[in-house]
Every structure is written in C-alpha cells, then in structure tokens.
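Here the structure comes first, spelled out in structure tokens, and everything after it is commentary.
The values are calculated or read from the model by the stated rules, or taken from the named source; none is laboratory data. Keep in mind that what you see is a predicted model, and the values were worked out from it rather than measured. Here Cβ is always computed from backbone atoms with ideal geometry, including for glycine, and neighbour counts include all displayed protein chains.
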Amino acid sequence: AQKLQKRAATVGFDFADDEAVSAQLASEIEELRQATLTEKAVEIENELGDVLFTVVNMARHLKVDSEAALRKANRRFEGRVRAAETAARGEDSELEWEDSDRLDERWREAKRKERTNHDL
C-alpha cells in the first residue's frame, strides 16, 4: 500500500499535509463505524480496508515504514500478553479467569514496565 501511495503521489494523488491525512482518517473511521451498524460483511470489509489504507498513507506522510511499525507493534503486543500471563501465574491465576477490569490493569502494568525498560 505504501508503494502504491508513493507512486500515486508522484502524479498528484496525495494529501496536502499530515492534517489532511488525519481528517481523511477520521472520516474513514466514521464510515467504518456506520458500516458496522449495517452488519453487512462486504461493506464492513471495504470500509476497514479504507481505514487501513489511510493509516498507511499517514505513515508515509510521517516517513515511517508502515510494515516495520506494524511488526514492532505485534512484538510489543505479544510481549505485553506474555507479561500479563506471567504476572497472573505469579498470583496463582490465569488470564482466562480474570474479568475485563483486571485484564486492563494487567495490560497497563505490562505497558508501563515496557516503557520503563525502554527508557533505561
């Protein structure tokens, strides 16, 4: 998607600036929200694709490799889930047994520890 957008930008198909991309992203998210109300799978898929495509466009405008950013996000997510699982086991619990508030708390704690370790 990033390569397609870069090529399209060379012939003028591009947003003026980051703010214009942000506005388009907000619009696409609203269209996705509306599509979810219809419960039509094809419409939802199309709108979700538009959101993802626009997020990639934002990455391009910010000079970020969207694929690399997503790979890093996946690794962070995986690490946070592992940290939450480890913390739960340390308290003789399992994530499956915990309510959403406790899961959110574990998630925030894993994220805080990740940031603390990153800052070292």
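Give the residue, chosen from Asp65, Asp50, Asp18, that is acidic (Asp, Glu) and at pLDDT below 95. Spell out the reasoning first.
Numbers: Asp65 fails: at pLDDT below 95; Asp50 fails: at pLDDT below 95.
Result of the check over Asp65, Asp50, Asp18: Asp18.
Search region 91-102 for residues that are assigned by TED's automatic domain parsing to the domain that holds Val81 and pair each with any residue that is of a type in the set (Asp, Glu) and in a helix (DSSP H, G or I) when their beta-carbon atoms are under 6 Å apart and the residues are at least 6 apart or on different chains.
Leu95/Glu85
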